[in-house]
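Here the structure comes first, spelled out in structure tokens, and everything after it is commentary.
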Amino acid sequence: SKTVGDAWLDLYYWQRAKKIHQNMLQKLEKQSMAIEAEYVNGKTSQQNLLAARMTISQLRDQILNDEQQIINFQTILARYIHQFAYQPLAEFPKIKPLPSFKILENRLPAHPLLLADGMKVKAARHQ
């Protein structure tokens, strides 16, 4: 069973994948037009032309798969957030990189949970 967060991440992934595949398709279609012009002028082989067309066909199939996955994960997400699952997703939040291990190690003794546990131990010793 998926959580809301899992479903959101999966939906985000497939929406991004679809955008990337659509951008690739646009570029490949332009390249295919150039290959076709080269073929007409005898500057490339029919094999190159067919390979370009096949790649475009495969990418179109992938985009259809992306769309199916988007529908699947919208359906899963809709179980939790109803019609809001079909609205555009927010962009993935910008996450700051973690500090270095040395910085984290130096900050650890001042962590509030460790300080609270230290106070409990101190209080238990004085009883």
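Taking only the alpha-carbon positions of the chain and ignoring solvent, what does the Debye formula give for the base-10 log of I(q)/I(0) at q = 0.21 Å⁻¹? Debye output, listed in q order: -1.10. Annotation: per residue accessible area for segment 13-118 equals 80 Å², rounded to a whole number [probe 1.4 Å, protein chains only]. A DSSP coil position with no more than 13 other Cβ atoms inside 10 Å describes the following trypsin sites (Lys or Arg not before Pro) in segment 1-58: 43. Taking the helices alone, the chain has a mean residue ellipticity at 222 nm of -26000 deg cm²/dmol, built from -39,500 (n - 2.57) per DSSP H run of at least 4 residues and averaged over all its residues. Three principal axis extents describe the C-alpha atoms of segment 1-51; from largest down they are 57, 16, 8 Å. Accessible area ranking (1.4 Å probe, heavy atoms, ligands and nucleic acids excluded), largest first, for 92, 84: 84, 92. Listed by chain and number, the lysines whose alpha-carbon sits under 22 Å from that of residue 94, ignoring those within fewer than 8 places in the same chain, are 18, 19. In the chain, the portion of solvent-accessible area held by carbon and sulfur atoms comes to 59 percent [1.4 Å probe, whole percent, DNA, RNA and ligands not counted].
Across segment 35-81, the convex hull enclosing all Cα atoms gives 51 Å³ per residue. Fully extended, how many nm does the chain gain between residue 53 and residue 16 (0.36 nm per residue separation, minus their Cα-Cα distance)? Gain in length upon complete extension: 10.9 nm.
When Rg and the Kirkwood radius Rh are both evaluated on Cα atoms of segment 54-127, their ratio Rg/Rh stands at 1.38. Counting only residues at least eight positions apart within a chain, or on another chain, the lysines with an alpha carbon under 27 Å from that of residue 43 are 27, 30.
The charge dipole of the chain, taken about its Cα centre with unit charges on the Cβ atoms of Lys, Arg (+1), Asp and Glu (-1) only, comes to about 680 debye.
The values are calculated or read from the model by the stated rules, or taken from the named source; none is laboratory data. From a predicted model like this one, the values you see are computed outputs, not experimental measurements. We place every Cβ from the backbone using ideal geometry, glycine too, and count neighbours over all the protein chains shown. To get the accessible areas, we keep the full protein, side chains included, count just its heavy atoms, and leave off ligands, DNA and RNA. Shrake-Rupley method; radii C 1.70, N 1.55, O 1.52, S 1.80 Å.
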